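Shown next, in structure tokens, is the structure this report addresses.
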């Protein structure tokens, strides 16, 4: 994914209808009415039973909605905020090899795990999602960059790389997105399978559970030979595979795009289910009834696909959700929450593929709302309904332990500025002054602040970097300064905005525009200057 690509397709038509020769029996109107009444009661009972939460895990309650979020895409998607993400659980994409060290995991090759925590507030945002009863699954691989197993050839180092991600984010489920050249690399597949098997056993030994999904490209006739081999390699290594997630997208070609994406999707899922059932059987695991569907996932690309002319619509989404409920499909994801909105005027009259919009007519989060109706959840995730938040009035913010400046009612905050208020980190959505981030609002769009997440005990306090004495003259209260003159005040550099005398540079941040001194340094929380 990002964008997800599919294998070369072989033409395959829809299955032929199957003729039957069973005899028919005529019914009287009385008998027919009675039969229909009984049938209606049975259907109602079955539907209520299938929808009831807490039934046998192989009933039709199991379909789990877990959309993808592209972690490194700008602007950052605020998945921790209910106003931005109606989904309870999400799949964070993608962890790949670092650009300078092939055995160092990174987010998209651009951020180390530490850098993502610092620059993207990723750890904090995960904590906030969990505080509201949600959770994350991390996806390794994807279409772009180098997958860890493909370039990290030392077995111990590869295991350590996977382990560091699982332990840092305390994961209970992971996703292995294998496509492109990674799918044809048998040696990498063996390394990956062995490392994941060991890691899974380690988690079990530690009293934890780690569900493993493998995400693979499919055609209408199911998995490719390489895809089936990838599933077999994981099972051969002893991985307890939660399921196979089919990338139900990009079915056709530029010359022959698929017009009915829902039909292609369901055909691909039927074929994949039969293939996976057979592969599991060859490895001594018998899947029967709805248990076969519980091992299958679907991931469409919402809206415009890579193939021009192929569009997965909201109607297709509803059809897939109905199919998931009907069959007990184990998982439904989509690529991606970042794209779950209509495009602006730049895309007005042409269907183009965008990383930040769907290219179809929709309201924001329409696709997420459809799939959020699916009632299931991975059994590996903590089964918590809600977490009680501490009383904000009992939290005292301390600048000596806060990762960002403490919010002040008199300060002017530009959009993107981060502050600490009542033990939480907030980010300004637009320029504001006096809008208390901790003040409850009926609607999320009524406040100028977006909640990022809690202040963590592991946070380092923000400390502006001082300059050596003599770099600039020390500020003097009796000197008349002209515009543009530079001084040091408490070791920090400032420049005069206008002529002034006796006005000390401010040390509360952000520095208001009515201060005579412009800071010549940056601090944590400030948005980058365009």
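The values are calculated or read from the model by the stated rules, or taken from the named source; none is laboratory data. Source: prediction; values computed, not measured. When we count neighbours, we look across all protein chains shown, and the Cβ atoms used for this are built from the backbone with ideal geometry, even at glycine.
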Among the residues that make up region 87-96, is at least one of them modelled with pLDDT of 50 or more, part of a strand (DSSP E or B) and within 22 Å of residue 527 (Cα to Cα)? no
Conditions (1) in contact with a helix residue (DSSP H, G or I) (Cβ under 6 Å, 6 or more places away or on another chain); (2) crowded, with 22+ Cβ neighbours inside 10 Å: number failed by residue 287: (2)
Pick from 241, 235, 269: which is touching a strand residue (DSSP E or B) at 6+ places or on another chain (Cβ under 7 Å) and over 20 Å from residue 333 (Cβ atoms)? 235
Might you check whether a residue that is in contact with a strand residue (DSSP E or B) (Cβ under 6 Å, 6 or more places away or on another chain), under 20 Å from residue 213 (Cα atoms) and part of a loop (DSSP other than H, G, I, E, B) occurs anywhere in region 343-353? no
Could you pull out every one of the strands (runs of 3 or more DSSP E) wholly within region 388-494 that has 3 or more residues that are in contact with a helix residue (DSSP H, G or I) (Cβ under 8 Å, 6 or more places away or on another chain) and under 30 Å from residue 364 (Cα atoms)? 449-454
Unique match (being surrounded by fewer than 13 Cβ atoms within 10 Å (Cβ to Cβ) and touching a residue at least 24 places away in the same chain (Cβ under 8 Å)) among 465, 450, 438: 465
As an exercise: evaluate residue 176 against (1) under 19 Å from residue 87 (Cβ atoms); (2) within 15 Å of the chain's Cα centre (by Cα) and give the number of the one condition it does not meet. (1)
Restricting region 512-530 to residues that are surrounded by 17 or more Cβ atoms within 10 Å (Cβ to Cβ) and at pLDDT 95 or above, the one nearest to the chain's Cα centre (by Cα) turns out to be 519
Within region 133-147, the residues that are surrounded by 18 or more Cβ atoms within 10 Å (Cβ to Cβ) and over 29 Å from residue 186 (Cβ atoms) are 134, 135, 136
Can you confirm whether residue 150 is in contact (Cβ under 8 Å) with a residue 40 or more places away in the chain, in the same structural domain as residue 243 (by TED's automatic domain parsing) and buried (at least 20 other Cβ atoms within 10 Å of the Cβ)? yes
Please list, ordered by first then second residue, the pairs with beta carbon atoms under 7 Å, 6 or more apart or interchain, first in region 271-289 and at pLDDT below 95, second surrounded by fewer than 11 Cβ atoms within 10 Å (Cβ to Cβ) and in a helix (DSSP H, G or I). none
For residue 475, are the conditions met, namely being under 20 Å from residue 510 (Cβ atoms), in contact with a strand residue (DSSP E or B) (Cβ under 9 Å, 6 or more places away or on another chain), in the same structural domain as residue 508 (by TED's automatic domain parsing) and crowded, with 16+ Cβ neighbours inside 10 Å? yes
